[in-house]
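Written below as structure tokens is the structure these notes are about.
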Amino acid sequence: MLQQSPLIEQTSPAPRNPQPAFLTDDSAEILRFAAEALNAGMAAALVTLVEIRGGSSRPLGAHMAVREDGLYCGFVSGGCVEAAAAFEAMEVIQSGEDRMVKYGEGSPYFDIVLPCGGGITLSMHKLRAVQPLLAVLNAMAQRQPAGLRYNPQSQTLESVLSQRETGWRGADFAVSYRPCTRVIVYGRSVEAAVAANVARAAGYDVHTSDGFDPRTTFALMDADTAVILLYHDLNRELPVLQAALAARPFYIGALGSRRTHDVRMQRLAGLGWSEQEIARIKAPIGIFPKARDAHSLALSVLADVAAARLTHASNEDAG
């Protein structure tokens, strides 16, 4: 469940030392925190990681949102520069002038050292309109890709309907956003129940089902969905498996031994599915073999889903 941002007072209190409002690295929560501040009449800034020199614990495009009262959320490092970055962002809010700030390697702040030994550059942008944030949040709520594009020279931020890759595009820095990973767990078993619980703990949008329902199955499966089949019955899983192959989610995994999967492949081939299509099924499911108990299996499966998600996103960026 998404954490709710703190109650925002209608009158802006005097600035204070920066303090985290809550801990999150979820882009939607960070953008929502900033949007709620603007809608309540409070000034806010968006801090974005726009350059990495050497190593970094966060990817390009990582965000912080900082309110004028010093409350902030998000991470642009492993936690070593966030308070300093929030203080800089508060100065940006007061001055109305955006800035670029370097930390670590190449930074004028010799007392702030990144443990990774690298360096980062952060853009500090005073938010002047809530519409770009709301456009991105609305797109993600409708499970559509979206993006923000920031121009440091004009100090403007705009939303774009689809942004494939995060990084510099000429004079602009673009950040891409994908909908929350959806996980559909099929099966009526202890394995299915535990896998669903682990997926929820990981922050995924989780749905469970005992079988194929054409009214909901195709509506739920999209490119940002992982389909996990934890049946002990090939007859029950085949309709779901065919729906998943047709819908093309980024991950399809099925329970069973290699011998079971051989039978599965033969039956799918007999139903007209090609060898290339059948090869999209990860079976035996998970990242390590012979996970016999439900909790080990759930960890194995969800780690496999997370790895596949990263690979899918990288392939989309490269495309």
The condition from (1) more than 16 Å from Ala34 (Cα to Cα); (2) surrounded by 19 or more Cβ atoms within 10 Å (Cβ to Cβ); (3) modelled with pLDDT of 95 or more that Leu157 misses is numbered (1)
I need every pair where a residue in the stretch 216-240 that is free of Cβ contacts under 8 Å to residues at least 24 places away in the same chain has its Cβ under 8 Å from the Cβ of a residue that is open to solvent by 10 Å² or more (accessible area, probe 1.4 Å), sequence separation at least 6 or different chains. Thr216/Ser209
Ala139 - would you say it is within 30 Å of Met221 (Cα to Cα) and either modelled with pLDDT of 95 or more or in contact with a Pro (Cβ under 8 Å, 6 or more places away or on another chain) (or both)? yes
Scan of the stretch 210-231 for residues that are small (Gly, Ala, Ser) and open to solvent by less than 50 Å² (accessible area, probe 1.4 Å), ordered by number: Gly211, Ala223, Ala226
Residue within the stretch 168-190 that is crowded, with 19+ Cβ neighbours inside 10 Å, farther than 30 Å from His125 by Cα and over 25 Å from the mean Cα position of the chain (by Cα) present: yes
Given the stretch 211-281, what helices (runs of 4 or more DSSP H) lie entirely inside it while holding 3 or more residues that are touching a strand residue (DSSP E or B) at 6+ places or on another chain (Cβ under 7 Å)? 234-247
Check the stretch 257-275 and report whether any residue there is in contact with a Ser or Thr (Cβ under 6 Å, 6 or more places away or on another chain) and touching a residue at least 24 places away in the same chain (Cβ under 8 Å). no
Checking His207 against (1) surrounded by fewer than 19 Cβ atoms within 10 Å (Cβ to Cβ); (2) under 22 Å from the mean Cα position of the chain (by Cα); (3) outside any strand (DSSP E or B), the condition it does not meet: (3)
With the checklist (1) exposed (fewer than 14 other Cβ atoms within 10 Å of the Cβ); (2) within 30 Å of Gln142 (Cβ to Cβ) in hand, flag the one item Asn235 doesn't pass. (2)
Single residue of the stretch 122-136 satisfying the filter (surrounded by 18 or more Cβ atoms within 10 Å (Cβ to Cβ) and touching a residue at least 40 places away in the same chain (Cβ under 8 Å)) that is nearest to the chain's Cα centre (by Cα): Val136
Residue within the stretch 160-182 that is part of a strand (DSSP E or B), farther than 30 Å from Ala84 by Cα, touching a helix residue (DSSP H, G or I) at 6+ places or on another chain (Cβ under 8 Å) and not small (Gly, Ala, Ser) present: yes
Need at least 2 residues that are at pLDDT 95 or above and in contact with a Gly (Cβ under 6 Å, 6 or more places away or on another chain) per element, so show me which strands (runs of 3 or more DSSP E) inside the stretch 1-95 make the cut, counting only ones lying wholly within it. 63-67
Enumeration of residues in the stretch 263-282 that are within 16 Å of Tyr231 (Cβ to Cβ) and open to solvent by 20 Å² or more (accessible area, probe 1.4 Å): Val263, Met265, Arg267, Lys282
Restricting attention to the stretch 286-310, which residues are surrounded by 17 or more Cβ atoms within 10 Å (Cβ to Cβ) and not in a helix (DSSP H, G or I)? Gly286, Ala291
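The values are calculated or read from the model by the stated rules, or taken from the named source; none is laboratory data. Values in this document were obtained by computation on a predicted structure and should not be read as measured data. Here the Cβ is made from the backbone with ideal geometry for all residues, glycine too, and neighbour counts use every protein chain on show. Heads up: the accessible areas ignore ligands, DNA and RNA and are worked out on the full protein's heavy atoms, side chains in. Shrake-Rupley method; radii C 1.70, N 1.55, O 1.52, S 1.80 Å.
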